[in-house]
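The values are calculated or read from the model by the stated rules, or taken from the named source; none is laboratory data. All figures in this text were calculated on a predicted structure; none of them were measured in a lab. Glycine also receives a Cβ, built like all others from the backbone with ideal geometry; neighbour counts cover every protein chain displayed.
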């Protein structure tokens with residue numbers, strides 16, 4: 001209805017995933033590159049978590065388009081599959097002919113034979129499971145068994161789980177320990193911050209054919225950020241309704257009146273700006289049930305540092321997570337204690353190491369946090385110290401690359417990627433729970 005009014009060729013804020021509208025900023029593009037690399041160069045199960053409407057399905061659809069031709073994709077969108085049904089679903093997607101009545105053992109044998117044949121042809125099979133948080137526990141156990149399918153040297157099946165934060169809670173259960181230990185990479189989609197939302201709105205408008213100046217002034221972006229909690233689906237709903245209201249009012253700029261009309265029409269007026277993701281961490285910090293339980297809350301907050309400005313092609317080299325700006329002096333703690341805090345000591349060690357390290361060295365990225373989460377990072381370090389976890393090899397840095405500062409915790413110093421990968425497999429459980437991944441020191445220079 002408002003397309004001609006704004007010179008648009010198509011609606012810019014549809015809520016259905018349209019890969020031409022994939023926003024590569026706010027670390028989404030960097031996550032895509034790192035995810036593609038993990039699928040094509042690593043083994044084990046991969047987990048991607050994020051709140052409802054944070055863009056998991058969009059990321060999954062773009063990933064399917066970006067993976068190289070030798071990757072055979074099996075996409076499972078139905079999370080309520082029973083334990084036996086998931087075998088049939090994968091077999092059906094791979095074109096395996098089965099008798100009308102087949103036992104699970106028969107299906108598994110036929111599946112293995114098909115995977116071996118595809119491997120011999122140079123093919124790699126990846127199963128993308130959407131809405132994995134809704135899967136029954138028995139089906140998740142079958143996922144673990146599927147991860148056992150392997151040749152003499154390589155896994156025959158790569159598994160990727162997309163789910164809401166409830167998936168983390170399920171995997172934290174004692175009976176899910178074996179599956180949890182198979183997860184080698186964890187990625188989290190955080191809500192967009194205000195600056196990202198402004199870029200997101202402009203990107204979607206221009207992707208739909210708009211060629212004028214921004215129609216969303218700062219005050220409108222601020223209100224959208226407050227009401228949407230940074231979730232892209234809510235942003236799309238609000239922006240679409242606001243554009244319609246502006247069209248009805250005969251104006252091109254989407255001002256406060258149009259935004260409030262959109263908020264009211266969408267029923268978002270009572271929503272708070274803090275998402276459930278941000279509310280989960282403090283209770284976990286005080287749970288006091290051991291390092292794994294305490295650190296599990298940090299695992300789905302971790303993501304590669306810094307913004308991505310373009311949609312990367314599938315990586316052929318390690319996607320050094322997005323490049324960050326040179327290390328900057330961090331903001332002072334609000335209540336500085338006498339002497340240096342543990343975080344300040346680690347920041348000093350990190351600055352010295354980054355300055356001295358060769359750009360071709362490798363390390364493990366353990367965790368990142370915004371300036372606003374500095375206190376949580378200090379609590380994490382204190383917990384690691386209390387547990388006696390290898391603090392000697394842990395360093396910290398601070399970056400202001402994204403406009404709002406971020407901290408990072410890094411571990412180790414290795415001469416090659418393979419050495420770093422081996423070290424990651426030998427980490428103590430408390431550190432593995434953070435979802436570490438390999439990076440090159442050039443990305444910190």
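Right, residue 197: under 20 Å from the mean Cα position of the chain (by Cα), within 29 Å of residue 24 (Cβ to Cβ) and not assigned by TED's automatic domain parsing to the domain that holds residue 49 or not?
Numbers: under 20 Å from the mean Cα position of the chain (by Cα): yes; within 29 Å of residue 24 (Cβ to Cβ): yes; not assigned by TED's automatic domain parsing to the domain that holds residue 49: yes.
Yes.
Quick one: is residue 83 out of contact with any strand residue (DSSP E or B) (no Cβ under 7 Å at 6 or more places or on another chain), in the same structural domain as residue 145 (by TED's automatic domain parsing), over 24 Å from residue 46 (Cα atoms) and at pLDDT below 90? Before you say what the answer is, go through the steps one by one.
Numbers: out of contact with any strand residue (DSSP E or B) (no Cβ under 7 Å at 6 or more places or on another chain): yes; in the same structural domain as residue 145 (by TED's automatic domain parsing): yes; over 24 Å from residue 46 (Cα atoms): no; at pLDDT below 90: yes.
Spelling it out, it is not the case that residue 83 is out of contact with any strand residue (DSSP E or B) (no Cβ under 7 Å at 6 or more places or on another chain), in the same structural domain as residue 145 (by TED's automatic domain parsing), over 24 Å from residue 46 (Cα atoms) and at pLDDT below 90.
I'd like the full set of residues that are over 17 Å from residue 185 (Cα atoms) and assigned to a helix (DSSP H, G or I), limited to segment 5-35. Explain how you work it out, then say what you get.
Quick first cut of segment 5-35, residues over 17 Å from residue 185 (Cα atoms) only: 5-26.
Of everything in segment 5-35, those that are over 17 Å from residue 185 (Cα atoms) and assigned to a helix (DSSP H, G or I) turn out to be 5, 6, 19, 20, 21.
Which ones in segment 30-50 are farther than 19 Å from residue 146 by Cβ, under 17 Å from the mean Cα position of the chain (by Cα) and surrounded by fewer than 23 Cβ atoms within 10 Å (Cβ to Cβ)?
If the condition is that a residue be farther than 19 Å from residue 146 by Cβ, under 17 Å from the mean Cα position of the chain (by Cα) and surrounded by fewer than 23 Cβ atoms within 10 Å (Cβ to Cβ), then 36, 37 are the ones that fit.
How many of the residues making up segment 132-153 are touching a strand residue (DSSP E or B) at 6+ places or on another chain (Cβ under 9 Å) and touching a residue at least 24 places away in the same chain (Cβ under 8 Å)?
Final tally of qualifying residues: 10.
Going residue by residue through segment 235-255, is there one that turns out to be within 21 Å of residue 48 (Cβ to Cβ) and part of a helix (DSSP H, G or I)?
Step one: of segment 235-255, the residues within 21 Å of residue 48 (Cβ to Cβ) are 235-236.
Among the residues that remain, those that are also part of a helix (DSSP H, G or I) are: 235-236.
Yes, the conditions are met somewhere in segment 235-255.
With the requirement that a residue be without any contact (Cβ under 8 Å) to a residue 40 or more places away in the chain, within 17 Å of residue 22 (Cα to Cα) and in contact with a helix residue (DSSP H, G or I) (Cβ under 8 Å, 6 or more places away or on another chain), what does segment 167-203 give you?
197, 198, 201
Restricting attention to segment 87-104, does a residue exist that is in contact with a helix residue (DSSP H, G or I) (Cβ under 7 Å, 6 or more places away or on another chain), closer than 24 Å to residue 19 by Cα, in the same structural domain as residue 54 (by TED's automatic domain parsing) and at pLDDT below 90?
No, every residue in segment 87-104 fails to be in contact with a helix residue (DSSP H, G or I) (Cβ under 7 Å, 6 or more places away or on another chain), closer than 24 Å to residue 19 by Cα, in the same structural domain as residue 54 (by TED's automatic domain parsing) and at pLDDT below 90.
Which one is surrounded by the fewest Cβ atoms within 10 Å (Cβ to Cβ), of the residues in segment 406-424 that are modelled with pLDDT under 80 and within 20 Å of residue 187 (Cα to Cα)? Let's see the steps before the verdict.
Step one: list which residues in segment 406-424 are modelled with pLDDT under 80, which gives 406, 417-418, 421.
Now narrow it down to the ones that are within 20 Å of residue 187 (Cα to Cα): 406, 417, 421.
Values: 406: 22, 417: 15, 421: 18.
The qualifying residue surrounded by the fewest Cβ atoms within 10 Å (Cβ to Cβ) is 417.
Any idea which of 284, 295 is more than 30 Å from residue 441 (Cα to Cα), part of a helix (DSSP H, G or I) and modelled with pLDDT under 50?
Values: 295 fails: more than 30 Å from residue 441 (Cα to Cα).
Every option except 284 fails the conditions.
Per-residue answers, yes or no, for (1) modelled with pLDDT under 95; (2) under 30 Å from residue 132 (Cβ atoms):
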position: 150; (1), (2): yes, yes
position: 169; (1), (2): yes, yes
position: 176; (1), (2): yes, yes
position: 188; (1), (2): yes, yes
position: 192; (1), (2): yes, yes
position: 210; (1), (2): yes, no
position: 217; (1), (2): no, no
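From the list 195, 239, which one is surrounded by fewer than 22 Cβ atoms within 10 Å (Cβ to Cβ) and either under 30 Å from residue 369 (Cβ atoms) or touching a strand residue (DSSP E or B) at 6+ places or on another chain (Cβ under 9 Å) (or both)?
Values: 239 fails: surrounded by fewer than 22 Cβ atoms within 10 Å (Cβ to Cβ).
From the options 195, 239, the qualifying one is 195.
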